[in-house]
Amino acid sequence: MEQLQVIQSKIYEVRGQKVMLDKDLAELYQVTTGNLNKAVKRNIKRFPPDFMFQLTDEEWEALRFQNGIIKQGFIQPE
């Protein structure tokens, strides 16, 4: 149950969608963020078009200050 709470704490709402940051997904899968993003880009046809999007500067600032996030990155829908 504790791991479920950790995962749930890494889910944010952006543009009306529940999403996770690439850094949090990478941590969950125990890979680097760079390797996660490379794997997605290499296999982009396996993902729906709305699987990944990049935040605007305004969205990033709002999310960062709201949740104490420090590093910028892609965001992944849940």
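The values are calculated or read from the model by the stated rules, or taken from the named source; none is laboratory data. As the structure is a computational prediction, the values presented were derived from the model and not from experiment. FYI the Cβ positions are ideal-geometry reconstructions off the backbone, even for glycines, and counts take in every protein chain you see. The accessibility values were calculated without ligands, DNA or RNA, using every heavy atom of the protein model including side chains. Shrake-Rupley method; radii C 1.70, N 1.55, O 1.52, S 1.80 Å.
Some observations on this one:
- Within region 34-67, considering residues that are farther than 25 Å from GLY16 by Cβ and not in a loop (DSSP other than H, G, I, E, B), the one most open to solvent (accessible area, probe 1.4 Å): LYS45
- Region 3-16 residues that are in a loop (DSSP other than H, G, I, E, B), paired with ones that are of a type in the set (Lys, Arg) and open to solvent by 50 Å² or more (accessible area, probe 1.4 Å) (beta carbon under 8 Å, 6 or more apart): ILE11/LYS18
- Scan of region 17-33 for residues that are outside any loop (DSSP other than H, G, I, E, B) and open to solvent by 90 Å² or more (accessible area, probe 1.4 Å), ordered by number: LYS18, GLU27, TYR29
- Selection status of THR33, among the β-branched types (Val, Ile, Thr) and at pLDDT 90 or above: yes
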